[in-house]
Amino acid sequence: MTAERNKANALAFYDLMFNQGQPAEAVRLYVGAQYIQHNPRVADGAQAFVDYFEQAAKAFPGRRTEFRHVLAEGDLVAIHSHQTWATREPAQWAVADFFRFDEDGKIVEHWDVLQAVPAASANANTMF
């Protein structure tokens with residue numbers, strides 16, 4: 001049940017932070033006492049996360065993420081998503097986020113990998 005709880009918390013956190021534009025509330029509900037960030041553009045800590053994503057919401061209104069795949073095992077959750085940024089080029093992104101949870105079901109560590117969706121592909125498969 002812990003992996004399923006963590007999966008549900010990761011999805012709720014991501015939706016609240018990204019789609020609903022409420023990073024402070026997402027942190028309040030779903031982030032633990034310590035938050036380790038591995039994205040080199042975002043500083044460590046919960047407040048740095050809030051500051052970064054509040055600014056991003058202002059700079060890039062109309063952004064949206066659709067969850068395509070979610071995997072959970074133990075204290076780790078991986079989310080593969082399709083992000084659309086209405087006011088950014090490139091506008092389409094394939095994103096893989098990885099979260100580590102503490103024993104209380106709170107996020108304590110994050111990694112991500114982002115790739116722009118190209119206009120053309122060498123195969124007929126999509127990135128999702």
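Brief remarks follow.
- With respect to (1) aliphatic (A, V, I, L, M); (2) open to solvent by less than 60 Å² (accessible area, probe 1.4 Å); (3) under 24 Å from Lys7 (Cα atoms), the lone exception for Ala56 is condition (3).
- Residues located in segment 20-50, provided they are without any contact (Cβ under 8 Å) to a residue 12 or more places away in the chain, part of a helix (DSSP H, G or I) and either in contact with a His (Cβ under 8 Å, 6 or more places away or on another chain) or open to solvent by less than 80 Å² (accessible area, probe 1.4 Å) (or both): Glu25, Ala48
- All of (1) assigned to a helix (DSSP H, G or I); (2) within 20 Å of Phe128 (Cα to Cα); (3) open to solvent by 80 Å² or more (accessible area, probe 1.4 Å) hold for Leu71 with one exception: (1).
- Test: residue in segment 6-13 that is open to solvent by 50 Å² or more (accessible area, probe 1.4 Å), more than 30 Å from Ser121 (Cα to Cα) and at pLDDT 95 or above: yes
- Where Met17 falls short, out of the listed (1) outside any strand (DSSP E or B); (2) surrounded by fewer than 14 Cβ atoms within 10 Å (Cβ to Cβ): (2)
- Residues that are within 24 Å of Gly62 (Cα to Cα), of a type in the set (D, E, K, R) and modelled with pLDDT of 95 or more, drawn from segment 23-46: Glu25, Arg28
- In segment 59-68, the residues that are modelled with pLDDT of 95 or more and open to solvent by 40 Å² or more (accessible area, probe 1.4 Å): Glu66, Phe67, Arg68
- Scanning segment 74-90 for residues that are out of contact with any strand residue (DSSP E or B) (no Cβ under 7 Å at 6 or more places or on another chain) and loosely packed, with under 11 Cβ neighbours inside 10 Å yields Gly74, Thr87, Glu89.
- Gln20 meets the conditions (1) more than 15 Å from Val77 (Cβ to Cβ); (2) modelled with pLDDT of 95 or more in every case but one. The failed one is (2).
- Hits in segment 91-101 - residues which are assigned to a strand (DSSP E or B), more than 11 Å from Asn6 (Cβ to Cβ) and open to solvent by 20 Å² or more (accessible area, probe 1.4 Å): Gln92, Trp93, Ala96, Phe98
- Breaking point among (1) more than 25 Å from Thr2 (Cβ to Cβ); (2) part of a loop (DSSP other than H, G, I, E, B), for Asp104: (1)
The values are calculated or read from the model by the stated rules, or taken from the named source; none is laboratory data. Note that the structure is a prediction, hence the values are computed from the model and not measured. Heads up, the Cβs are rebuilt from the backbone with ideal geometry, glycines too, and the neighbour counts pull from every protein chain shown. Only protein heavy atoms, including side chains, enter the accessible area calculation; ligands, DNA and RNA are left aside. Shrake-Rupley method; radii C 1.70, N 1.55, O 1.52, S 1.80 Å.
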